[in-house]
Amino acid sequence: MQKRRDEPSGLYVSDRFFQPEGAPKPHRLLWLGADALLLACLVSGLLLLFVSGFSVPVSLWFFPAVLLLCAGVTLLFRSPWCQRHWLAAGTAILLLYLLLLFLCQDVFFRGMRQFGNLLADTLNRSYNGGQSPAVAAGSGEAAAYFLLLVSFPAMLWLALSLFRKNSLLMSGMLLFPLLALAALCGAAKHTVALFLILLGILLSVAFLKPKRQNRMWGGENRQLKEENELRFQSIQKKST
């Protein structure tokens with residue numbers, strides 16, 4: 001029970017309210033795990049769809065490496081330093097990625113040619129075509145490295161759209177063309193891959209509203225929220 005005198009009017013105003021005990025828990029580990037799960041579902045589903053649909057030979061290390069990359073990208077985008085200095089962090093990531101492509105350019109271009117051969121083979125099987133491969137057929141091992149190197153910018157785009165911008169439209173700008181490409185090539189037939197992509201989309205829709213609320217009222221805007229609540233309480237007391 002709170003009772004105080006309103007100086008301009010000279011009236012005594014009483015108010016009854018509940019005072020919570022202790023500070024609310026931020027549940028940062030829970031949000032971090034949910035974000036990592038969301039990113040892993042989308043990226044793993046897309047890669048599994050392409051690997052199975054285009055018959056890309058991959059080793060046992062491929063998908064664990066994808067999950068580690070998803071966890072690293074999530075930690076990077078959720079780190080306080082990256083959120084404060086996102087321009088410097090983005091520039092550093094871009095330079096490191098270009099350096100990695102320069103060092104692995106032989107594997108990258110060989111894998112791109114091998115993936116082109118696998119794409120032509122899939123089109124020939126789906127549409128009874130006679131498309132000849134661009135280069136001589138190889139073992140296709142470099143195609144897995146090509147997919148892994150290409151998936152890293154996709155992870156960054158999805159993390160930027162879901163963790164920073166909270167925009168389903170930005171993520172759809174990447175997901176829809178890739179799914180359309182796989183469907184048109186006759187490669188979108190893996191049930192587990194489609195289930196993972198659908199689960200990632202549902203999780204992103206479910207987490208979008210609380211993330212927006214946290215972004216609106218958390219951090220630097222918490223003081224504005226408290227001032228608005230105090231102003232509302234003051235107007236409410238004066239009107240009674």
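The values are calculated or read from the model by the stated rules, or taken from the named source; none is laboratory data. What you see is a predicted model; the values in this text were computed from it and never measured. FYI the Cβ positions are ideal-geometry reconstructions off the backbone, even for glycines, and counts take in every protein chain you see. These area figures cover heavy atoms from the full protein model, side chains too; ligands, DNA and RNA do not enter into them. Shrake-Rupley method; radii C 1.70, N 1.55, O 1.52, S 1.80 Å.
Just to be sure I understand, how many residues within the stretch 66-86 are surrounded by fewer than 17 Cβ atoms within 10 Å (Cβ to Cβ) and among the basic types (K, R)?
Residues meeting the conditions: 1.
Are any of the residues in the stretch 70-84 more than 22 Å from L181 (Cα to Cα), part of a helix (DSSP H, G or I) and either touching a strand residue (DSSP E or B) at 6+ places or on another chain (Cβ under 7 Å) or of a type in the set (D, E) (or both)?
Just the residues of the stretch 70-84 that are more than 22 Å from L181 (Cα to Cα), to begin with: 70-84.
Filter once more, so that each one left must be part of a helix (DSSP H, G or I): 70-78, 80-84.
From what's left, either touching a strand residue (DSSP E or B) at 6+ places or on another chain (Cβ under 7 Å) or of a type in the set (D, E) (or both): none.
Within the stretch 70-84, not a single residue is more than 22 Å from L181 (Cα to Cα), part of a helix (DSSP H, G or I) and either touching a strand residue (DSSP E or B) at 6+ places or on another chain (Cβ under 7 Å) or of a type in the set (D, E) (or both).
Taking the stretch 160-179, which residues are at pLDDT 90 or above and either small (G, A, S) or more than 27 Å from R84 (Cα to Cα) (or both)?
L175, F176, P177, L178, L179
Quick check on N124: is it over 23 Å from Y97 (Cα atoms), at pLDDT 85 or above and not aliphatic (A, V, I, L, M)? Walk me through how you get there before you give the answer.
Working: over 23 Å from Y97 (Cα atoms): yes; at pLDDT 85 or above: no; not aliphatic (A, V, I, L, M): yes.
Considered against the rule, which asks whether it is over 23 Å from Y97 (Cα atoms), at pLDDT 85 or above and not aliphatic (A, V, I, L, M), N124 comes out as no.
Inspect the stretch 210-219 for any residue being at pLDDT below 90, under 27 Å from I93 (Cα atoms) and within 15 Å of the chain's Cα centre (by Cα) and give the result as yes or no.
Among the residues of the stretch 210-219, at least one is at pLDDT below 90, under 27 Å from I93 (Cα atoms) and within 15 Å of the chain's Cα centre (by Cα), which makes the answer yes.
If I go through the stretch 136-186 residue by residue, how many of them are open to solvent by less than 40 Å² (accessible area, probe 1.4 Å), in contact (Cβ under 8 Å) with a residue 24 or more places away in the chain and not in a helix (DSSP H, G or I)?
4
Taking K189, is it loosely packed, with under 14 Cβ neighbours inside 10 Å, under 30 Å from F115 (Cα atoms) and at pLDDT below 85? Explain how you work it out, then say what you get.
Working: loosely packed, with under 14 Cβ neighbours inside 10 Å: yes; under 30 Å from F115 (Cα atoms): yes; at pLDDT below 85: yes.
So K189 passes the test.
For residues that are within 16 Å of L149 (Cα to Cα) and surrounded by fewer than 13 Cβ atoms within 10 Å (Cβ to Cβ), tally how many sit in the stretch 46-65. Lay out the reasoning, then the answer.
From the stretch 46-65, those within 16 Å of L149 (Cα to Cα) are 46-48, 50-51, 56-59, 61-65; that's our starting set.
Filter once more, so that each one left must be surrounded by fewer than 13 Cβ atoms within 10 Å (Cβ to Cβ): 59, 61, 64.
So the count comes out to 3.
I'd like the full set of residues that are of a type in the set (F, W, Y), surrounded by 14 or more Cβ atoms within 10 Å (Cβ to Cβ) and free of Cβ contacts under 8 Å to residues at least 60 places away in the same chain, limited to the stretch 87-124.
Hits for the stretch 87-124 are Y97, F108.
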